[in-house]
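Reading through the structure tokens given below for one structure.
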Amino acid sequence: MTEESHMGPEEATRQMPAFSPVLRAAAHFFTVVFHPVFMPLYGTLLIVWAYPYHFAAFTGFFRFRVLGAVILNTILFPCITALLLKALGFIQSVYMRTQRDRIIPYAATMIFYFWIFYVFRHQKDIPQELTAFMLGNFIAIIIAFLCNIFMKISMHLLGAGGLLGMGFTLLSAPYFSAAPLLMALILLAGVLGTCRLLLGAHSPRELYWGLMAGIVAQLMAVWII
């Protein structure tokens, strides 16, 4: 483990060059909008967009139930868990800047991600592409949990890598041109990584590991499914 991994957020920030408040505010805004907790929902919406014929027969209620399950298990439950852990003193901050703070939230998120994959896997109406994406999220959080033993990796880039990995699988989707989306996802990963560096939240190595873990997790999930 490097000395950089032991630095607090304040120390890491002090080592970064001075940027304008406007630029830093824009970076904060971008990292909030593309927070890792939202990435499974964004990926789900992209799959619905790329495979409209798979979802054409879904009733309005069924679509709402599917999106509701994604929101509950990948956004609401992990956020509630983090808030409860902070209130009970198990973690120092809901931002989970340290490796120690990430252990329990990662373990809890694994349970939520596995549950939604399990539910989708056993529903015949759910398209295989969406099931594979949920499995990829589950594999990604396992990789993040294991990596956290040795180093802190970027969850923002893990999420961006997951979207990028899913984007690669869309290249085989009929009636959908995935190339523009893939370029947009590559740009997203680059901008998001730049924002995390600008804010002093991660080292380049932590960003690269997060991005590669997200991509590999999605490709593994497609291979397994």
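Against the chain, whose longest principal axis is taken from its Cα atoms, helix 21-33 shows a tilt of about 40°.
Suppose the chain between THR194 and VAL94 were pulled fully straight at 0.36 nm per residue; how much longer would it get relative to their current alpha carbon spacing? It would help to have the intermediate numbers written out before the result.
Details: separation 100, 0.36 × 100 = 36.00 nm, distance 2.23 nm.
So the chain would gain 33.8 nm between THR194 and VAL94.
Building the convex hull from the alpha-carbon atoms of the chain and averaging its projection over directions returns 12.9 nm².
Evaluating 6.51 cos²θ - 1.76 cosθ + 1.60 at θ = phi - 60° for every residue in the range 145-156, the Karplus couplings come out as 5, 5, 5, 4, 5, 9, 7, 8, 10, 7, 6, 4 Hz, glycine and proline recorded as x.
With contributions of -39500 (n - 2.57) from each DSSP H run of at least four residues, the per-residue ellipticity at 222 nm computed over the chain stands at -23000 deg cm²/dmol. Axis angle, to the nearest 10 degrees, between helix 39-50 and the longest C-alpha principal axis of the chain: 30 degrees.
Can you tell me which of 21-29, 103-111, 150-158 comes out highest on packing, and rank the rest after it, using the mean Cβ neighbours within 10 Å?
Working: 21-29: 12.6, 103-111: 17.7, 150-158: 23.0.
Listed from highest to lowest mean packing, they are 150-158, 103-111, 21-29.
Surface composition of the chain: carbon plus sulfur atoms contribute 72% of the solvent-accessible area (1.4 Å probe, protein chains only, all chains present).
Highest-first packing order for the peptide set 135-142, 121-128 is 135-142, 121-128, based on the mean count of other beta carbon atoms within 10 Å. On the principal axes of its alpha carbon atoms, the range 22-120 extends 46, 37, 19 Å, with the longest extent given first. The alpha carbons of the range 109-225 occupy a box of 45, 34, 19 Å along the principal axes, longest dimension given first.
Placing a pseudo-label 7 Å from each Cα along the Cα-to-Cβ vector at TYR118 and PHE38 gives an inter-label distance of 3.0 nm. Against the main long axis of the alpha-carbon atoms of the chain, helix 178-198 sits at an angle near 20°.
Roughly how big is the range 98-166's charge dipole about its Cα centre, with Cβ charges of +1 (Lys, Arg) and -1 (Asp, Glu), in debye to the nearest 20?
Working: 5 positive and 3 negative charges, 37 e Å.
It works out to roughly 180 debye.
The values are calculated or read from the model by the stated rules, or taken from the named source; none is laboratory data. Just so you know, these numbers come straight off a predicted model, no measurement behind them. Here the Cβ is made from the backbone with ideal geometry for all residues, glycine too, and neighbour counts use every protein chain on show. The accessibility values were calculated without ligands, DNA or RNA, using every heavy atom of the protein model including side chains. Shrake-Rupley method; radii C 1.70, N 1.55, O 1.52, S 1.80 Å.
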